[in-house]
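In what follows, a structure is listed as structure tokens, so that the remarks can point back to it.
The values are calculated or read from the model by the stated rules, or taken from the named source; none is laboratory data. In this text the structure is predicted, and so the values were computed from the model without any measurement. Positions of Cβ are backbone-derived with ideal geometry, glycine not excepted, and every protein chain shown enters the neighbour counts. Just so you know, the surface numbers come from the protein's heavy atoms only, side chains and all, with ligands and any DNA or RNA stripped out. Shrake-Rupley method; radii C 1.70, N 1.55, O 1.52, S 1.80 Å.
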Amino acid sequence: MLKAQRHSYIMEKLRAEQKVVTTDLAIDLDLSEDTVRRDLNELDRKKLLKKVYGGALLIKERPSHTYNVYISAEEKKEKIVKKALSLLHDDQVIIMSGGTTNLVFAKFIPEHLRLTIYTYSLPIAMQLSQYPNIELILIGGKMQKSAMVTIGIDVIQVLSKIQADICFIGASSINVKQGLTEVGYEVSVVKKAMIASSDKVVSMFTSNKLNTKMPHGVCELQELDTIVTELDPDDDRLEKYRKTGIKIL
């Protein structure tokens, strides 16, 4: 795994769990503890985390507004979601996971569309609440404060009773062999329930997620109907995915 991928994994785990332990990271990443310590020291120098004995803590910054979510690579994500808009039509029942790509997607949904949308993401629900033609259902449960999404058995129970036409699911990592994988176990379980309750599954993500993996499986690639990236569908980086027969936008 490249250093940038290790750092991404560490930061994702920190945001999910608020702290990381050096020995656990070494096992997860199949690395020596010395390598993990060097990574943590580098991230500490960049003020992305606080290095402590035996691991590291998340540096918590209070945003200027409760729902002021930082969106990285926003131009790429706008390109992605504009492609995915072609999958929407009136009277669909939709489930949306959390994540900043889905948040950007929520901002671009045409106001005239009549949709029913379930989500367990508070920022996405706040965005969708501005649409008069969308029937919005925020799924309640235990709040994972770092990502502002609900998790736990209450969310799973609601999802199990939904019969959705399509779900839009974020991706922390994706590869041909393991499919979608997640940094956090509880989020992976919620996403599995999303998929089980939907006729079609669409995953939108930036191309830096390609050919990477996290510890917790979500689904095999064959369970996805469509993937959407900022790349041209004929890009060489997508060749292995095209060979599986999955639809690529």
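So that you can scan it fast, the table gives a plain yes or no per residue for (1) among the aromatic types (Phe, Trp, Tyr); (2) touching a residue at least 24 places away in the same chain (Cβ under 8 Å); (3) on the phi > 0 side of the Ramachandran plot:
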residue	(1), (2), (3)
Tyr9	yes, yes, no
Leu14	no, yes, no
Ser32	no, no, no
Lys76	no, yes, no
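Can you pull out the residues in segment 108-130 that are of a type outside the set (Asp, Glu) and modelled with pLDDT under 90?
Here is the first cut: in segment 108-130, the ones of a type outside the set (Asp, Glu) are 108-110, 112-130.
Listed by number, the list holds a single entry, Gln130.
Considering segment 121-147 alone, what residues qualify as being touching a helix residue (DSSP H, G or I) at 6+ places or on another chain (Cβ under 7 Å) and open to solvent by 80 Å² or more (accessible area, probe 1.4 Å)?
Leu138
Hey, among the residues in segment 90-104 that are at pLDDT 95 or above and more than 19 Å from Val158 (Cβ to Cβ), which one's most open to solvent (accessible area, probe 1.4 Å)?
Asp91
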